[in-house]
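Here is the structure we will look at.
Readers should treat all values here as calculations from the given coordinates under stated rules, not as data from a laboratory. Bear in mind the structure is a predicted one, so any value in this text is a computation, not a measurement. As a convention, Cβ positions derive from the backbone with ideal geometry for all residues, glycine included, and neighbour counts pool all protein chains shown.
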Amino acid sequence: MSKVIKRKDLKGKIKDNQSIMVGGFLECGTPERLIDVLLEDSIRDITLIANDTGFTDKKFGSLIVQKRVKKVIASHIGTNRETGRQMNEGEIEVELVPQGTLAERIRSYGAGLGGFYTPTGVGTVVEEGKEKKVINGREYILEKPLGADVALIKAWKADEAGNLIYRYSARNFNPLMAMAADLVIVETEEIVPIGSLDPNEIMTPGIFVDYIVDFS
């Protein structure tokens, strides 16, 4: 069962050199107050797994600007010029993954799968070093599951047991990432008592959540 904690109780739970998944899509559904924690606690040398790297002048993008990241695994980096600059200068490692493939790799980890075959990337640099297979006359690439040490999740509502509801498009990568990390930490707009949420609306069951942070 998850635990509601205060900001101060996060000290030491996220460490340097960890792989960290961050939910959101171009800063929509991104847990900005948890990003603040990374910045304020001087967490560095992380492997960042996310859809993108945000913008240079926004909260999430600051992780790149302040050089807290040693490797990025993302679908695109074009909205943050600093990511491209650091990549070209050899200051950061970037692994670009097609967006659908990235989502499915994360989902596969959470579902306990050994991987999946996809035609996306066949004949491009994406296939380099990967197993290929012909199925029904078509070439496919084997993509392996992708998990992380920590997932930072943004929810709309959470009950004290860690059951989560997301709002509109902020759902994006958050539910998948909540299933794919050893430690799942949630930022939410509202924490309600157990039993307050309609079970039919719950998108992430509390069994996947370790901590809900009360920033009040």
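Spin-label point model (7 Å from Cα, Cβ direction): what's the Q99 to V192 distance in nm?
Once both label points are built, they end up 3.0 nm from each other.
So how tilted is helix 99-111 from the main axis of the chain? Cα-based, degrees 0 to 90, rounded to 10.
Orientation of helix 99-111: about 60 degrees from the principal axis.
Name the residue from L48, L176, P199 whose Cα lies farthest towards the positive end of the charge dipole of the chain, charges +1 on Cβ of Lys and Arg and -1 on Cβ of Asp and Glu.
Farthest towards the positive pole: L48.
Please figure out what share of the DSSP beta bridges in the chain is antiparallel and state it in percent, rounded to the nearest 5.
Given both bridge residues lie in the chain, the antiparallel proportion sits at roughly 25 percent.
Over the stretch 3-214, what is the relative contact order in whole percent, taking alpha-carbon pairs under 8 Å and six or more residues apart?
23 percent
Only sites in a loop by DSSP and with at most 15 other Cβ atoms within 10 Å count here; which GluC sites (Glu not before Pro) in the stretch 1-96 make the cut?
Here the GluC sites (Glu not before Pro) that fit, given the DSSP loop and packing criteria, are E89, E91.
Add -39500 (n - 2.57) for each DSSP H run of 4 or more in the chain, then divide by its residues: what number comes out at 222 nm, to the nearest 500 deg cm²/dmol?
Here the helix-only value at 222 nm equals -4500 deg cm²/dmol.
In the structure shown, do any of K70/K133; K15/K67; K3/K70 have a Cα-Cα gap over 23 Å, and if so which?
Cα-Cα > 23 Å for K70/K133; K3/K70; rest within.
Which length gain, in nm to one decimal place, applies between T124 and T79 when the Cα-Cα distance is subtracted from 0.36 nm times their residue separation?
That works out to 13.9 nm of additional length.
Determine the gain in length on full extension of the stretch R7-N200; use 0.36 nm per residue of separation and subtract their C-alpha separation, reporting nm with one decimal.
Separation in residues times 0.36 nm, less the Cα-Cα distance, equals 66.5 nm.
Tell me which label goes with the value of P(r) over Cα pairs in 10 Å bins from 0, in percent computed from the coordinates here: [x] 9, 34, 34, 18, 5, 0; [y] 7, 28, 34, 16, 6, 4, 3, 1, 0, 0; [z] 7, 32, 35, 21, 5, 0.
After the calculation, the listed value that fits is [x].
Could you calculate the contour length gain from V134 to R167, that is, 0.36 nm times the residue separation minus the distance between their Cα atoms, to one decimal place in nm?
7.9 nm
So which residue, out of G61, G24, G78, gets the largest mean-square fluctuation from a GNM of the chain using Cα contacts under 10 Å as springs?
Comparing G61, G24, G78 in the GNM, the peak value goes to G78.
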